[in-house]
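See structure below.
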Amino acid sequence: GLVNTKEMFAKAIKGGYAIPAFNFNNMEQMQAIIKAAVETKSPVILQVSKGARQYANATLLRYMAQGAVEYAKELGCAHPEIVLHLDHGDTFETCKSCIDSGFSSVMIDGSHLPYEENVALTKKVVEYAHQFDVTVEGELGVLAGVEDEVSAEHHTYTNPEEVIDFATRTGCDSLAISIGTSHGAYKFKPEQCHVDPATGRLVPPPLEFAVLDAVMEKLPGFPIVLHGSSSVPQEEVDTINKFGGKLEAAIGIPEEELRKAAKSAVCKINIDSDSRLAMTAAVRKVFAEKPAEFDPRKYLGPARDNMEKLYKHKIVNVLGSDNKL
Ligand code: G3H
Ligand code: 13P
Ligand code: NA
Ligand code: ZN
């Protein structure tokens, strides 16, 4: 069956790699994630947002994820390690409903609340979740941009002085932190970036690794999570724009920074936007090159293949979670 994140994170921290947490909203994404994980022998976190539950129906997504374990076995993986995780849980009730219906892990995101309210809410979720062996991710610090329907103009980096108190009082199993990543495909303004003379491409300012280091010093060996970790591959953006799209100045987190993070106590790296870009690029290409095509399998199939390629790349070349099963 599905597993929680406990052992997975402990092994990842020891081994200096990070577990991929990929969002899914439909069958093609789920299939691509599982195929990529099986073929690279990687553990994987399937995560479902509130928006995904609204879009695809919570029950269908849950059974799809439970079916994913059987699917992985069919694909030849004897002992798959798959987590079904609620991404950005907003209330105790949402978390409870996921726990009651078989999720093996949940996030309660109280990062936008006053500190004491975040502690109280996270603690309440942890007390409920742990009765069922479900692991809980909390968050301290606010990412710039839109998160959980709350939008912030600027990053509020995680305050390292709060993390011991938060982890101890809430009992959470992992902690998402804010060190300069953000959600979506527009993580930096072009004016914050400099041009790489070799490639002519925009290079964003570095993440605040000093904050990560300070958090790790306070909580040695504690599992840390990075949200907003899409790299926004330029070739996918170029394909989208070439075939009628209009994505301007989309900028993500350089892979080199994620590789560095994955070697540390960062043991879960969240990626959603890159999968959306891979899917959209492939669909636009088919529509542009074969305008007579109207069988969904003929455009969702290539979309699935392109996502699978992207997921494998993340696993093998960025997070280093391959060959860990
Ligand atoms: O945290 C954001 C994830 O990318 C999920 O996005 O809420 O649009 O499904 P969503
Ligand atoms: P991206 O938008 O960078 O893919 O981040 C996804 C995420 O953090 C999901 O929780
Ligand atoms: Na790590
Ligand atoms: Zn997130």
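Points worth noting:
- Among the trypsin sites (Lys or Arg not before Pro) in segment 199-247, those placed in a DSSP loop whose Cβ has at most 16 other Cβ atoms within 10 Å are R201, K246.
- Karplus 3J(HN,Hα) series, Hz, for segment 76-86 with 6.51 cos²θ - 1.76 cosθ + 1.60 (x for Gly, Pro): x, 8, 5, 10, x, 10, 10, 9, 10, 10, 7
- For the chain, DSSP calls about 20 percent of its internal beta bridges antiparallel.
- For the chain, the 222 nm mean residue ellipticity estimated from helices alone, with every DSSP H stretch of n ≥ 4 adding -39500 (n - 2.57) and the total spread over all residues, rounds to -13500 deg cm²/dmol.
- Backbone N under 16 Å from the K309 label point (7 Å along Cα→Cβ), restricted to segment 23-49: 32-33, 36
- Part-to-part distance (alpha-carbon centres) for segment 57-106 and segment 132-207, which is given in Å: 24 Å
- H79/S101 FRET efficiency (R0 25 Å; Cβ-Cβ; nearest 0.05): 0.55
- When both bridge partners sit in segment 1-155, DSSP labels roughly 20% of those beta bridges antiparallel.
- Measuring against 20 Å, Cα to Cα, the residue pairs K6/K50; K6/K268; K11/K41; K263/K309; K285/K314 contain K6/K50; K263/K309; K285/K314 as the ones spanning a longer distance.
- Those aspartates and glutamates that a straight Cα-Cα span of less than 15 Å connects to K242, excepting residues fewer than 8 apart in one chain: E289
- The order of C77, C98, C267, C193, going from fewest to most other C-beta atoms within 10 Å of their C-beta, is C193, C77, C98, C267.
We did not get these values from a lab; they are worked out from the coordinates using the rules stated. Fair warning: this is a prediction, and the values are worked out from it, not measured in the lab. Reconstructed Cβ throughout: ideal geometry from the backbone, glycine too, with neighbour counts over all protein chains shown.
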